[in-house]
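The values are calculated or read from the model by the stated rules, or taken from the named source; none is laboratory data. This is a predicted model, so every value here is computed, not measured. Note that we place each Cβ from the backbone using ideal geometry, even for glycine, and neighbour counts take in every protein chain shown. Note: areas computed on protein heavy atoms with side chains; ligands, DNA, RNA excluded. Shrake-Rupley method; radii C 1.70, N 1.55, O 1.52, S 1.80 Å.
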Amino acid sequence: MAGGPMPGLAVGDWFGKAKVDAATTMLTEPFVHDFVRANMWHLKGRDADLLVDTGMGIRPLAPEIDTPAGKPLIVVATHIHLDHVGSLHEFPLRMGPEMSAPQFADMDDAVTYAYMFHNLDGAVSKLPSPDWKAADYRIPSAPLTRALDEGDVVDLGDRKFRVLHLPGHSPDSIGLFDEADGLFFAGDAIYDGMLIDDLPDSDRTAYCHTMQRLLDLPIRIGHGGHGPSFTGQRMHEIASAYLRRRERFVSAL
């Protein structure tokens, strides 16, 4: 959860899209409140495509993903919060954090924080259908087909992503890092914006540990769950600023 609009979007009926490079497309939901307006990342691989996070699920996401018929699409949820798992049920190859794996079958409102959306002022700036109400919002069950833990590998054929467990924002947060290329999908572990660390399941001491780990991660480019993409230098600045802001929690490490 966080905020921050993305520039350069081509906005359709519900989703916005931005071409990042020849292999990567960023999708978002521009009409959703900025607190739960998340980035979704579609990366084309040789043997399989990758989709990182699936937004709110208010409108179907699957038709927006242009993976060719017959080519596997691996969908990874970086954590179980509502703005990252809403459309997960639409896809057959579903992966997510080992720590919260059993909860993907239930998608309980208390676990996903879907209840926060029910009474959110300005939940959407455009109705997805005439009778739509935020109070009716629910996330369908989406049991994982593979649980991901620290050190696991997601293989697209021409590139491999190492799974990193990066708790703090949530206890189950994971990222995907291509060690050969330096591409990093960060989820809500880090992004270029105000980091959220005051949710009921947030842990500021764990978040400081994650930030210290990220200071040493040799990324080329990072794509976060919110906000614009960032360089390694920018990630270092964001992590360092967080550690300064939460200095008293660093001493607990």
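A compact table of results
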| read-out | value |
| --- | --- |
| Percentage, to the nearest whole number, of Cα pairs in segment 114-253 over 20 Å apart | 55 |
| Accessible surface, per residue, of the chain when the full set of protein chains is kept, probe 1.4 Å, Å² | 41 |
| Sorted peptide list for 235-241, 169-175, 95-101, criterion being average Cβ within 10 angstrom, highest first | 169-175, 95-101, 235-241 |
| Of all accessible heavy-atom area on the chain, the percent that carbon and sulfur account for (1.4 Å) | 53 |
| Reach of LYS126 by Cα under 26 Å, taken over lysines that are not fewer than 8 positions away in the same chain | LYS17, LYS19 |
| Stokes-Einstein diffusion coefficient of segment 6-116, Kirkwood radius over Cα pairs, 25 °C, 0.890 mPa s, in µm²/s | 171 |
| Span per principal axis, largest first, for the Cα atoms of the chain (Å) | 52, 42, 37 |
| Percent of beta bridges antiparallel (DSSP, the chain, rounded to nearest 5) | 65 |
| Total charge dipole magnitude, segment 1-159, about the Cα centre, Cβ charges on Lys, Arg, Asp, Glu only, Debye to nearest 20 | 420 |
| Cα convex hull volume per residue for segment 60-183 (Å³) | 137 |
| P(r), alpha carbons of segment 82-154 - 5 Å bins starting at zero, rounded % | 3, 15, 23, 21, 15, 11, 7, 4, 1, 0 |
| Mean-position separation - Cα centroids, segment 3-80 and segment 192-225, in angstrom | 21 |
